[in-house]
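These notes are about the structure you will find just below.
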């Protein structure tokens, strides 16, 4: 659930919402001890995100479902992947086809993925993929996706991705580059 006291709406389109989060002020002195993560029910509270949150709305179609009438699990990964690109575009980052021409950045390929499913979805329902950057590292970042139907969380997923360019030594390969500071700033 988006915490309304932390959010300011930036844009609203039929298939996507964009939310800017403002992290609460931290106390002056902090203990180095880590608080317990989660409430024992398996859900981890990660606190306020480090970046903006983009919401991608998806209408589930009959063809997205398996014979039992529930969404076939790879479709959640497809929708998370779509939301990853939409996240950067909503932050003001040009599409990859433009960045490859201007800066040589090919995109942000997927390096690692984790998904946990809690509830099913079926055709005719509208779900939302809430996407944010959970962590920025030197050459990789972690996208966090929470798929919701109203207040219900259907699944949660994380993706580790890297910004890449074509390898000058071998143009058939790609290589990770340090995350551009201007792109990181657009997403914060």
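Does residue 134 qualify as being surrounded by 13 or more Cβ atoms within 10 Å (Cβ to Cβ) and in contact (Cβ under 8 Å) with a residue 40 or more places away in the chain? When the stated conditions are applied, residue 134 passes them.
Reported count of residues in segment 92-151, each being in a strand (DSSP E or B) and touching a strand residue (DSSP E or B) at 6+ places or on another chain (Cβ under 7 Å), is 31.
Using the structure shown, decide if residue 160 is outside any loop (DSSP other than H, G, I, E, B), in contact with a helix residue (DSSP H, G or I) (Cβ under 9 Å, 6 or more places away or on another chain) and crowded, with 16+ Cβ neighbours inside 10 Å. Give the derivation first.
On the way: outside any loop (DSSP other than H, G, I, E, B): yes; in contact with a helix residue (DSSP H, G or I) (Cβ under 9 Å, 6 or more places away or on another chain): no; crowded, with 16+ Cβ neighbours inside 10 Å: yes.
Judged against the criteria, residue 160 is not a match.
Taking residue 86, is it within 23 Å of residue 63 (Cβ to Cβ), in contact with a strand residue (DSSP E or B) (Cβ under 7 Å, 6 or more places away or on another chain) and at pLDDT 95 or above? Considered against the rule, which asks whether it is within 23 Å of residue 63 (Cβ to Cβ), in contact with a strand residue (DSSP E or B) (Cβ under 7 Å, 6 or more places away or on another chain) and at pLDDT 95 or above, residue 86 comes out as yes. Scan segment 55-75 for residues that are surrounded by 11 or more Cβ atoms within 10 Å (Cβ to Cβ) and farther than 21 Å from residue 118 by Cβ and the total you get is 1.
For beta carbons closer than 9 Å, sequence separation of 6+ or different chains, a first residue in segment 55-74 that is at positive phi and at pLDDT 95 or above and a second that is surrounded by 13 or more Cβ atoms within 10 Å (Cβ to Cβ) and not in a helix (DSSP H, G or I), the qualifying pairs are 69/120; 69/122; 69/123.
Taking the stated definitions as given, is residue 121 surrounded by 16 or more Cβ atoms within 10 Å (Cβ to Cβ) and either in contact (Cβ under 8 Å) with a residue 12 or more places away in the chain or more than 21 Å from residue 143 (Cβ to Cβ) (or both)?
Numbers: surrounded by 16 or more Cβ atoms within 10 Å (Cβ to Cβ): yes; either in contact (Cβ under 8 Å) with a residue 12 or more places away in the chain or more than 21 Å from residue 143 (Cβ to Cβ) (or both): yes.
In short, yes.
The values are calculated or read from the model by the stated rules, or taken from the named source; none is laboratory data. For clarity, every value in this text was computed on a predicted model and none was experimentally measured. With ideal geometry, Cβ positions are generated from the backbone for all residues, glycine too; neighbour counts draw on all protein chains shown.
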